[in-house]
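These notes concern the structure reproduced below.
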Amino acid sequence: MIQPMNLEQLQRTMAAAVMLPLTADELMQPTNSAGRPMTEVAAEFIQPNSRLTAFDRLEIYNRQYWFRLQSAFTEDFPALRAVVDPARFESLMNAYLAAHPSRSFTLRNLGSSLHAWLTANPRFAGPRFALAIDVTQVEWACVEAFDNAELTPLSLAAVAALGADSQLGLQPHVQLLALSYPADDFVLQMHQRQKRESSEAGTRTGDSAIHAVKRLRLSKKATWLAIHRADDSLYYKPLTRPEYQTLAALRSGTTLPEALQAGFAGLRIAAPRQVALVQQWFTNWAELGWLCTPLPEPFAS
Amino acid sequence: MAANRFNAFQTHGVGIGLRIPHYDHIFSHKPAVDWFEIISENYMVDGGRPLRMLDRIMDQYKVVQHGVSMYFGSSQAPDREHLRRLKTLVRRTRTPWLSDHLCWGSIDGTYSHDLLPLPYTWEAVEKTAARIRLVQDFLEIPVAVENVSSYAAFTDSQMTEWEFLNEVVERADCGILLDVNNIYVSSVNHDFDPIDYVNAIPAERVAQIHIAGHTRYEKYILDTHDHPVIEPVWQLYARAIERCGPTPTLLEWDDLIPTFDEVWAEARKAERYLKPLETPAEHQLLAGVAL
Ligand SMILES: [Fe+2]
């Protein structure tokens, strides 16, 4: 005689079944990861009816779970899908989602661990691994830049008035990227194509996009850029290496002098040129509204 | 309208769910929709276009929040970050009441993003009611719980779905968002008479009604919100209005979203049950569907 489960046990059991990866035919697997028949697992807590077995009923939720996550994930990474090719993308996506199910109340955060996961699991990216990694970073940066906070910006005068030991914050929507390919143009194209196609018919990047990617020949070239938001639209702004290094240091919480030191580290740039560059950068960043006071803890990312 | 303490004594008429593909039409045509329901989670963000669009909508329309991830029936405590963000949004929208589902969907910090059904047990009654109370106290506005469509029933269940709903709302002292499409879907999937459900709910607690379309498969119905409302669902709606009085009514259309005008025309069909009957033809129409 089976002991009835309490609510928490039942929910844990059902969640494990619902999140069990689907078969290649997108059906519920016949056995769970412990090798137990799913007919048995389902019958333990689900009542059949005259048309559906307990297995059938559980399978509806199992399929729904995966279809919902797959569709959200595919929508966030259309360029990655095109780079690794749709078939490989399916297995990449399913393996990633099995390793990193959603830990947030919103599907917006579904791809938050993808960069780290793909870096540790290169076989899922295939021969264009380095490009796939770049594209993943750019696409995730777009998610962050789209709706991260925009705090009150500091004017150039306010920045100039700060003491030497002051810390400067960077707007949370500003995303800094160091890439090995100039992948930004390509991702932008893919996203524009997706936008066009989803407003016309389907929601997935179509065949024409996949063909365009097959012809794509990108050469490696160290690329630094920022993805940021202005007037609710996303912009890609190319950065120089010292500019990127300075911004990255500021983001990590260093003081201004430390950030500048980090910015020019490893680069032979004469002091007067450095001064001119720094002036130019700060004017530019202040105009873009990128600088703010450092974030309180809950916002810091 | 049936204004009561569960909808903050508001008299909202017929509204539709706010969907992104309709933004342009709404801003350029300013249609005379009485109110919009927003999915809270879409706006629980720190900035950007979602909030800007919401503010523009709020300049011209009444907005009510509807959530999809509070999971009142989850056996564990709600996520504090979720509650904090939800309260921030409540302050922004000044939503008179807020709804979410009588279901569960997360365990041990992992989210299914689905509205999973609950076993209708006394343990689930107690836990769910306690959680609704906690959320209601934290948000400081009336909360309404919505009955979900379900595809599975549990061996442990000790009562019917409507008995379960009634026990929960009584103990939580909260409102009901009565989804008559969900009642219909579940009635087919679980072989009960949907009118028994509508007849059993405490009418005085109904804060709002949902209407929607669904997809019928050979062996079950899926709650897809991608079709017009079918006639048997209108009949349940008519009965609900008969019992509750004219109640804030909202059409949900979430997939294969047609033009704004089509969605709005479908929603406005509800008006024939809400307005006092004026012509003999209208009397005849309602006589044909009233139960
Ligand atoms: Fe609903």
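Scanning the stretch B:114-152 for residues that are over 17 Å from B:N166 (Cα atoms), within 11 Å of chain A (Cβ to nearest Cβ) and away from the ligand (no atom under 16 Å from the Cβ) returns a single hit, B:A152.
Taken as a whole, the structure places B:L102 among residues that are within 16 Å of the ligand (Cβ to nearest atom), buried (at least 23 other Cβ atoms within 10 Å of the Cβ) and either under 30 Å from A:A99 (Cα atoms) or more than 20 Å from the chain's Cα centre (by Cα) (or both). On inspection, B:S75 qualifies as touching a strand residue (DSSP E or B) at 6+ places or on another chain (Cβ under 9 Å) and either more than 26 Å from B:R268 (Cβ to Cβ) or among the acidic types (D, E) (or both).
When B:T88 is tested against (1) within 16 Å of the ligand (Cβ to nearest atom); (2) closer than 27 Å to B:Q10 by Cα, just one condition goes unmet, and that condition is (1).
Taking the stretch B:78-115 as the range and being out of contact with any strand residue (DSSP E or B) (no Cβ under 8 Å at 6 or more places or on another chain) and β-branched (V, I, T) as the test, the residues that pass are B:T88, B:I107, B:T110. Residues that are within 14 Å of chain A (Cβ to nearest Cβ), in contact (Cβ under 8 Å) with a residue 24 or more places away in the chain and more than 16 Å from the ligand (Cβ to nearest atom): does the stretch B:165-175 have at least one? Scanning the stretch B:165-175 turns up at least one residue that is within 14 Å of chain A (Cβ to nearest Cβ), in contact (Cβ under 8 Å) with a residue 24 or more places away in the chain and more than 16 Å from the ligand (Cβ to nearest atom). Only one of the numbered conditions (1) closer than 30 Å to B:P78 by Cα; (2) facing chain B (nearest Cβ under 9 Å) is violated by A:S50, and that is (1). Here's a check for you: in the stretch B:46-66, which residue that is in contact (Cβ under 8 Å) with a residue 12 or more places away in the chain and at the interface with another protein chain (Cβ under 9 Å from one of its Cβ atoms) is nearest to the ligand (Cβ to nearest atom)? If we take residues in the stretch B:46-66 being in contact (Cβ under 8 Å) with a residue 12 or more places away in the chain and at the interface with another protein chain (Cβ under 9 Å from one of its Cβ atoms), then B:M53 is nearest to the ligand (Cβ to nearest atom).
Here's the yes/no breakdown for (1) in contact (Cβ under 8 Å) with a residue 12 or more places away in the chain; (2) outside any loop (DSSP other than H, G, I, E, B); (3) of a type in the set (S, T, N, Q):
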{"position": "B:S69", "(1), (2), (3)": "yes, no, yes"}
{"position": "B:D100", "(1), (2), (3)": "yes, yes, no"}
{"position": "B:Y111", "(1), (2), (3)": "yes, yes, no"}
{"position": "B:L115", "(1), (2), (3)": "yes, yes, no"}
{"position": "B:Y120", "(1), (2), (3)": "yes, no, no"}
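Among residues that are more than 14 Å from chain B (Cβ to nearest Cβ), modelled with pLDDT of 85 or more and in contact with an Asp or Glu (Cβ under 6 Å, 6 or more places away or on another chain), A:L176 is not included. Tell me which helices (runs of 4 or more DSSP H) are completely within the stretch B:176-276 and hold 1 or more residues being under 24 Å from B:L115 (Cβ atoms) and of a type in the set (D, E), or say none if there are none. Here the list reads B:194-200, B:260-268.
All conditions in (1) within 16 Å of the ligand (Cβ to nearest atom); (2) within 14 Å of chain A (Cβ to nearest Cβ); (3) not polar (S, T, N, Q) hold for B:D79, with the sole exception of (1).
Filter the stretch A:90-118 down to the residues that are of a type in the set (G, A, S), under 12 Å from the mean Cα position of the chain (by Cα) and either more than 13 Å from A:T136 (Cβ to Cβ) or not in a loop (DSSP other than H, G, I, E, B) (or both) and list them by number. Listed by number, the list holds a single entry, A:A116. Taking the listed residues B:R216, B:R205, the one that is away from the ligand (no atom under 13 Å from the Cβ) and touching a residue at least 60 places away in the same chain (Cβ under 8 Å) is B:R205, with no other qualifying.
The values are calculated or read from the model by the stated rules, or taken from the named source; none is laboratory data. These numbers come from a predicted model, not from an experiment. Reconstructed Cβ throughout: ideal geometry from the backbone, glycine too, with neighbour counts over all protein chains shown.
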